[in-house]
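A.B. asks: This is the structure I want to talk about, given as structure tokens.
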Amino acid sequence: MLLQPLQVNSAKSPTSRSGTIPAPVKGWNAKDALADMDEEFAIELENVFPNMTDVEVRGGYASHSTGNGSAAVETLIEYAGPATHKLLSAAGSVIYDSSAAGASTSIATGKTNARWQTTMFGTSGGSFLFMVNGEDAPIYYNGSAFTTPTLGGVTAANIVHVTAHQRRLFFTFNDSLTFGYLPIVSVAGTVATFDVGGLCKKGGKIQACGSWTRDGGSGPDDIFVIITSEGECILYNGDDPSDASKWSLVGVFSIGKPIGRRCIEKVGAELIVITQDGAVPLSVFLPIDQVASSSKSLSDNIRNQFLLSARSYGNIFGWQSIHYPQGSYALFNIPISISVSHQYVVNTQTGAWGKFVNQNAACWALYNGDLYFGATTGGVIFKADTGTSDNDANIEWTIQPAFSYFGTKGRQKLFTMCRPHFGSNGSPSIAIDLNVNFSDINPTSVPTPPVINGGVWDTSKWGEADWSPDNTQVSAWATVYGLGECASPTIRGADKSLSISFSAYDMIWQAGNAL
């Protein structure tokens, strides 16, 4: 923070001072007490993403594909073959090819549900997208057609989760502590089983399985991971459960209970598990106990909000994480109801968090590196992080930085003016109100984006500012009022045509005496 005196009119005049607070690049903080929060955090960062040097309004979304029935699109997945990439979706009882913009094409019908778990898997016969949903017989897609494989030894329709590990397909069954697996590099055949019930002191069922790479590549150090519904994590080393010399128990660990079937996401060599304790990397919580793991989770900075969401909405379908390298973030879909969802997003370079709203997604997927989501209603698929509008509607955003004492705790200040600094390709329209001494005042209105050029500022209680669209760096003083030891401006905006970033704000106050 930069502090400097502005002016002193006389010995009897109050001293005006100014201070500059940088953008909250450390992101959304839902853990620390307001009085102890670092100034580079934000109390609220809604529809705003924290970069390394500024925070910016998130990208918009646009309609990509329609005609997927009228229900929620509950599965969205990329078929990624050597030469062919396709975007498949599932809604109701139908699976669609949604690769091309416009209307989707039905490619499989008569399915019992649309909640498929999937994995890509290659054999000498080709590259296959293997799909299971716990009610229908498993199927796989080769880039042009579906096949129902012959799976002996088990009731195939009970397979509810699938993962690839050490050149084998491994299966999770409904309501079971037994997993299954196929012969090496096979998509059909006799499914062998392996019971881990004797290791599970908490009981429950296998919720999901995954493959965790500890050595940074794919090789002998790949660990097979079993996550149970009651929060036990069982690790095995090896590639053949039928051979004791090639399959050994690493350990059994207690973690938070996982949320949903789509609770595991691989990010590089790391495996992230969505649990009631937060989003936790395996490499962090396995060497320590469950209590300590909650403070070491990826979601530690938003711990309180994540725990509240897990407690309130953990039984609603739609929990999912996805790594989006092109946007430098990992996204966690948080269903608030069957039709509304939020996203908690973390910058994978800095660990800073933000919150996205008004993207009501039932599922997410990457397709050719771009991000897409299936809507909770209407059978629509949207392309995310594109353009500056939400399907031609305004993106509404809010920034509330952490409270600042401006260098002097315990001293009263009369805050009089605030100047936010934005980078934009046009004229952002904002509303601003000042919070002092940990108050929580939000501007109750968001100015309509302007249709004229020029400077119009301080025309309402909070001030409304239209800046010249010729500027790339824009700022203007707003009159504010607040008496207290510390302050934080809440800044809101709405626009559908501009790219907007926030880099800092200036504050002017008159210093008083300690009380």
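A.B. asks: Restricting the first residue to segment 426-438 and requiring it to be farther than 10 Å from residue 403 by Cα and assigned by TED's automatic domain parsing to the domain that holds residue 477, which pairs with a second residue that is modelled with pLDDT under 90 and not in a loop (DSSP other than H, G, I, E, B) meet a Cβ separation below 7 Å and a spacing of at least six or different chains?
C.D. replies: Here the result reads 428/474, each pair linking segment 426-438 to a residue that is modelled with pLDDT under 90 and not in a loop (DSSP other than H, G, I, E, B).
A.B. asks: For the subset of segment 255-270 comprising residues that are assigned to a strand (DSSP E or B) and modelled with pLDDT of 90 or more, which member is farthest from the chain's Cα centre (by Cα)?
C.D. replies: Here the residue is 258.
A.B. asks: For segment 170-204, how many residues meet the condition of being touching a His at 6+ places or on another chain (Cβ under 9 Å) and assigned by TED's automatic domain parsing to the domain that holds residue 227?
C.D. replies: Number satisfying all stated conditions: 0.
A.B. asks: Do we have residue 341 as free of Cβ contacts under 8 Å to residues at least 40 places away in the same chain and touching a Gly at 6+ places or on another chain (Cβ under 8 Å) here?
C.D. replies: Criteria met by residue 341.
A.B. asks: While we're here: State which residue pairs qualify: first residue over 17 Å from residue 178 (Cα atoms) and inside segment 223-251, second residue among the small types (Gly, Ala, Ser) and surrounded by 19 or more Cβ atoms within 10 Å (Cβ to Cβ) in any location, beta carbons under 7 Å apart, and separation of 6 or more residues or different chains.
C.D. replies: 246/238
A.B. asks: Given the options 138, 149, name the one that is out of contact with any Gly (no Cβ under 7 Å at 6 or more places or on another chain), surrounded by fewer than 19 Cβ atoms within 10 Å (Cβ to Cβ) and farther than 24 Å from residue 380 by Cα. Steps first, answer last, please.
C.D. replies: Numbers: 138 fails: surrounded by fewer than 19 Cβ atoms within 10 Å (Cβ to Cβ).
Residue meeting the stated conditions: 149.
A.B. asks: Can you tell me how many residues in segment 309-335 are under 16 Å from residue 72 (Cβ atoms) and assigned to a strand (DSSP E or B)?
C.D. replies: Number of matching residues: 4.
A.B. asks: Out of the residues in segment 271-321 that are among the β-branched types (Val, Ile, Thr) and at pLDDT below 90, which is surrounded by the most Cβ atoms within 10 Å (Cβ to Cβ)?
C.D. replies: 280
A.B. asks: Could you tell me whether residue 386 is surrounded by fewer than 18 Cβ atoms within 10 Å (Cβ to Cβ), assigned to a loop (DSSP other than H, G, I, E, B) and in contact with a Phe, Trp or Tyr (Cβ under 7 Å, 6 or more places away or on another chain)?
C.D. replies: yes
A.B. asks: Among residues belonging to segment 124-152 that are more than 30 Å from residue 205 (Cα to Cα) and polar (S, T, N, Q), point out the one that is farthest from the chain's Cα centre (by Cα).
C.D. replies: Ranking the candidates gives 124 first.
A.B. asks: Follow-up question, since we're still on this one. How about segment 152-176: which of its residues are of a type in the set (A, V, I, L, M, F, W, C), surrounded by fewer than 18 Cβ atoms within 10 Å (Cβ to Cβ) and farther than 30 Å from residue 83 by Cα? Before you say what the answer is, go through the steps one by one.
C.D. replies: Of the residues in segment 152-176, the ones of a type in the set (A, V, I, L, M, F, W, C) are 154, 156-157, 159-160, 162, 164, 169-171, 173.
Keeping just the survivors that are surrounded by fewer than 18 Cβ atoms within 10 Å (Cβ to Cβ) gives 154, 157, 164.
Selection gives 154, 157.
A.B. asks: Another one. Find the strands (runs of 3 or more DSSP E) located wholly in segment 399-515 whose residues include 3 or more that are farther than 20 Å from residue 58 by Cβ and at pLDDT below 90, and list them. So that I can check it myself, show each step before the final result.
C.D. replies: Numbers: elements: 411-424, 430-436, 473-475, 478-484, 487-495, 500-514.
Where strands (runs of 3 or more DSSP E) fall fully within segment 399-515 and carry at least 3 residues being farther than 20 Å from residue 58 by Cβ and at pLDDT below 90, they are 500-514.
A.B. asks: Continuing with this model, one more query. Which members of segment 337-366 meet the condition of being β-branched (Val, Ile, Thr) and either at positive phi or buried (at least 22 other Cβ atoms within 10 Å of the Cβ) (or both)?
C.D. replies: Listed by number, the residues that qualify are 345, 346.
A.B. asks: Please identify the pairs in which a residue from segment 51-74 that is free of Cβ contacts under 8 Å to residues at least 12 places away in the same chain and farther than 20 Å from residue 353 by Cβ has its Cβ atom under 8 Å from the Cβ atom of a residue that is of a type in the set (A, V, I, L, M, F, W, C) and assigned to a strand (DSSP E or B), counting only partners at least 6 apart or on another chain.
C.D. replies: Matching pairs, first to second residue: none at all.
The values are calculated or read from the model by the stated rules, or taken from the named source; none is laboratory data. In this text, all values refer to a predicted model and were calculated from it rather than measured experimentally. Here Cβ is always computed from backbone atoms with ideal geometry, including for glycine, and neighbour counts include all displayed protein chains.
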